[in-house]
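> I am attaching a structure below and will ask some questions about it afterwards.
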Amino acid sequence: QGEFVESGGDLVQPGGSLRLSCTASAASGITLSLYDLNWFRQAPGNQRELVASITTAGTTNYIDSVKGRFTISRDNAKNTVYLQMNSLKVEDTAVYSCNARHTIWPTHYNYWGQGTQVTVSS
């Protein structure tokens, strides 16, 4: 608990933009450069879904519904992962959570942010 500090969620009109940030706290001792990083989202009544991911090597992947609109990036010097969201749609409304995963065999490390609410509405 408390490994990450998320920010950037807000109420925005359709077509608008937001940038989410997720920073590993100094107290956590987590060095994000060692982790594959993900953004998940969960809308009311829906299962949590993986939205975007970025590996330690910088390879990115996106679900089809956000391709061309969302960009995941990482700043290892700032111990932070970002999700830039453009051309937002009503269906993007959800709680967005960052996730960091790393395996040092046989131990698997899996950390979550507390979540930030994104609401897209006119």
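The values are calculated or read from the model by the stated rules, or taken from the named source; none is laboratory data. Note that this is a predicted model, so its numbers are computed, not measured. Cβ coordinates were reconstructed from backbone atoms using ideal geometry, including for glycine residues, and neighbour counts include every protein chain displayed. Surface accessibility is based on the protein's heavy atoms, side chains included, excluding ligands, DNA and RNA. Shrake-Rupley method; radii C 1.70, N 1.55, O 1.52, S 1.80 Å.
> Pick from Asp75, Asp64, Asp92: which is most flexible by mean-square fluctuation in a GNM of the chain where alpha carbon atoms under 10 Å apart are linked?
With Cα springs under 10 Å in the chain, the top fluctuation among Asp75, Asp64, Asp92 is at Asp64.
> Using 0.36 nm per residue, how much length does the chain from Gln13 to Gln42 gain when fully extended, once their Cα-Cα distance is taken away?
In short, 8.5 nm is gained.
> Another question about this same structure. I'd like the carbon and sulfur percentage of the solvent accessible area for the chain, probe radius 1.4 Å, heavy atoms only, ligands and nucleic acids excluded.
48 percent
> Rolling a 1.4 Å sphere over the protein heavy atoms, what is the accessible area per residue of segment 1-121, to the nearest Å²?
54 Å²
> Regarding segment 39-122, what are the three Cα extents along the principal axes, ordered largest first, in Å?
46, 26, 24
> Taking 30 Å as R0, compute the FRET efficiency from the Cβ-Cβ separation of Ser87 and Thr56 and round it to 0.05.
0.55
> Full-extension gain between Leu34 and Glu49, please, as 0.36 nm times their residue separation minus the C-alpha to C-alpha distance.
The span from Leu34 to Glu49 would gain 3.1 nm if fully extended.
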